[in-house]
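Structure record follows, encoded as structure tokens.
The values are calculated or read from the model by the stated rules, or taken from the named source; none is laboratory data. Note that the structure is a prediction, hence the values are computed from the model and not measured. Cβ atoms come from the backbone with ideal geometry, glycine included; neighbour counts cover every protein chain shown.
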Amino acid sequence: MMVEIHTLELGPMENLVYLIEDSQSATAAVVDPAWEVGKILQLVAERELKITTILLTHGHSDHINGVEQLQQESGAEVYISRQDASFFGLEEMGWNLFDAPFSHSLGESEITAIATPGHTPGGTCYYLGGNWGVRSGNLLTGDTLFVYGCGRCDLEGGDAVAMYHSLRGLVERFDPQTAVFPGHNYSTQISSTLAQERSGNPFLQFDSEEEFVHYRMDLHDRIRSAPYGPLGASTA
């Protein structure tokens, strides 16, 4: 298998940090390094890899607080959307800023950044494997799409209307069997597929912006709590 995704749950907020391994080149990308950098480095050493890339889904501290240490230890290049770098005042960090869609090569593997605003102005998902928009692959969704949930839109920079269109865009653009790897472990399972999300995620059941915004901003947190299960399950 040329590309492998390794998952680490780190820190007090159930963050999911991902190590994307390109076995042919023995290089790796880390998505959203935070909290316990030593555990990331331990896994890298065990796999005998070199970290060349750090990819950020958005600029919240709980997803980036390990970036500087990991960059110092590895010399990796850091990538974040231009919108979030601007919003969170990260433009002077010396990181690489991009406007999605943006493609990055990890060895022989291609990783594509997709703009998914809503949780933050420059929220980003990363797709790899399969063929873009045609065959199933892997989607690292940060705080845009959780397993049977989605990111908050009530924080500074959040936009529930944008989130509605970002979520719809993911399920419309990608194969239903695309694997979903979220930014937090808030569910009864750690990952899923877009088919499972389309049928079991309440945020993907709305046909209008107004209904979605009401549910996300006013209703959801009063009737539902983690760990999230699919619609109809006793945990929902």
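Pairs please, first residue from the range 200-218 and more than 16 Å from Phe146 (Cβ to Cβ), second anywhere and in a helix (DSSP H, G or I) and among the small types (Gly, Ala, Ser), Cβ atoms under 7 Å, 6+ apart in sequence or on different chains.
Within 7 Å, the pairs are Val213/Ala160; Met217/Ala160.
So which residues in the range 39-75 are closer than 19 Å to Thr144 by Cα, of a type in the set (A, V, I, L, M) and in a helix (DSSP H, G or I), if there are any at all?
Ile64
Checking the conditions here, which among Ala179, Ala233, Ala160, Ala226 is touching a residue at least 40 places away in the same chain (Cβ under 8 Å) and touching a Lys or Arg at 6+ places or on another chain (Cβ under 6 Å)?
Selected residue: Ala160, the only one of Ala179, Ala233, Ala160, Ala226 that is touching a residue at least 40 places away in the same chain (Cβ under 8 Å) and touching a Lys or Arg at 6+ places or on another chain (Cβ under 6 Å).
Can you name the residue in the range 81-102 that is in a helix (DSSP H, G or I) and of a type in the set (A, V, I, L, M, F, W, C) and is also surrounded by the most Cβ atoms within 10 Å (Cβ to Cβ) among such residues?
Out of the qualifying residues, it is Ala85.
Working only within the range 15-38, note down all residues that are surrounded by fewer than 16 Cβ atoms within 10 Å (Cβ to Cβ) and either within 20 Å of the chain's Cα centre (by Cα) or not in a loop (DSSP other than H, G, I, E, B) (or both).
Within the range 15-38, Gly38 is the sole residue that qualifies.
As an exercise: evaluate Leu140 against (1) touching a Pro at 6+ places or on another chain (Cβ under 9 Å); (2) over 22 Å from Thr7 (Cα atoms) and give the number of the one condition it does not meet.
Condition not satisfied by Leu140: (2).
Does any residue of the range 92-104 turn out to be modelled with pLDDT of 95 or more, of a type outside the set (S, T, N, Q) and within 15 Å of Gly157 (Cβ to Cβ)?
There is no residue in the range 92-104 that is modelled with pLDDT of 95 or more, of a type outside the set (S, T, N, Q) and within 15 Å of Gly157 (Cβ to Cβ).
Give just the number: which of (1) part of a strand (DSSP E or B); (2) in contact with a helix residue (DSSP H, G or I) (Cβ under 8 Å, 6 or more places away or on another chain) does Pro121 not satisfy?
Just one mismatch for Pro121, condition (1).
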